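All remarks here apply to the structure that follows.
The values are calculated or read from the model by the stated rules, or taken from the named source; none is laboratory data. In this text, all values refer to a predicted model and were calculated from it rather than measured experimentally. Every residue, glycine as well, gets a Cβ built from its backbone with ideal geometry; the counts of neighbours run over all protein chains shown. To get the accessible areas, we keep the full protein, side chains included, count just its heavy atoms, and leave off ligands, DNA and RNA. Shrake-Rupley method; radii C 1.70, N 1.55, O 1.52, S 1.80 Å.
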Amino acid sequence: MAEEVKCACGSANVAIFPCVGASNVGQLSNKIAIELEKQNIGTLMCTAGIGARAPGLMKSAEASDRIIAIDGCPVNCASKTLELAGFKVDRQIVISEFGIKKTKEKELKGDEFSIALENTFKTLQSE
């Protein structure tokens, strides 16, 4: 993406936790998180490690000023994992809310990624 994306996150120390579920929207959540890290919006972190209460990951999350959870669908696995571990999610993004229908497919179709990315940037800029 040629233009620089600004995030209204309010901090340089932002942790990004994707859902990475077994669906198209779960896979999209991870791809979006990777792109956000490339755009210097935050640091991609391991949601499964939070669920496992891995000490290093717990410390990294605790040290973050803000937490973004990227859920694929309304089941909210990433957000719930963080909340159950005692973390406050500062910003939640739900990929399926962008008009992308959840399927069991793991391969992304057509313009799903560009739609999800554009809407994620709009969401983050609107805080």
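Assorted remarks:
- Fraction of the pair-distance distribution of the chain above 18 Å, Cα-Cα pairs, percent: 47
- For the range 38-105, convex hull volume per residue from C-alpha positions, Å³: 112
- Annotation: per residue accessible area for the chain equals 53 Å², rounded to a whole number [probe 1.4 Å, protein chains only].
- Thr43/Thr103 FRET efficiency (R0 35 Å; Cβ-Cβ; nearest 0.05): 0.75
- Separation of the alpha carbons by more than 21 angstrom is noted, of Lys59/Lys88; Lys31/Lys104; Lys31/Lys88; Lys31/Lys109; Lys31/Lys106; Lys38/Lys104, for Lys31/Lys88; Lys38/Lys104.
- Residue with peak Gaussian network fluctuation, the chain [Cα springs, cutoff 10 Å], from Ile100, Ile41, Ile67: Ile100
- Qualifying trypsin sites (Lys or Arg not before Pro) in the range 70-127, DSSP loop, other Cβ atoms within 10 Å at most 13: Lys88, Lys101, Lys104, Lys106, Lys109
- A simple spin-label model places the labels of Ser114 and Lys88 3.9 nm from each other, with each point 7 Å out along Cα-to-Cβ.
- Taking all Cα pairs closer than 8 Å and separated by 6 or more residues, the relative contact order of the chain comes to 32 percent.
- In sequence order, calculated HN-Hα J values of the range 76-85 (Karplus, 6.51, -1.76, 1.60; Hz; x Gly/Pro): 6, 4, 5, 4, 5, 4, 5, 5, 5, 8
- Highest-fluctuation residue, Glu107, Glu62, Glu35 considered, GNM on the chain with Cα pairs under 10 Å: Glu107
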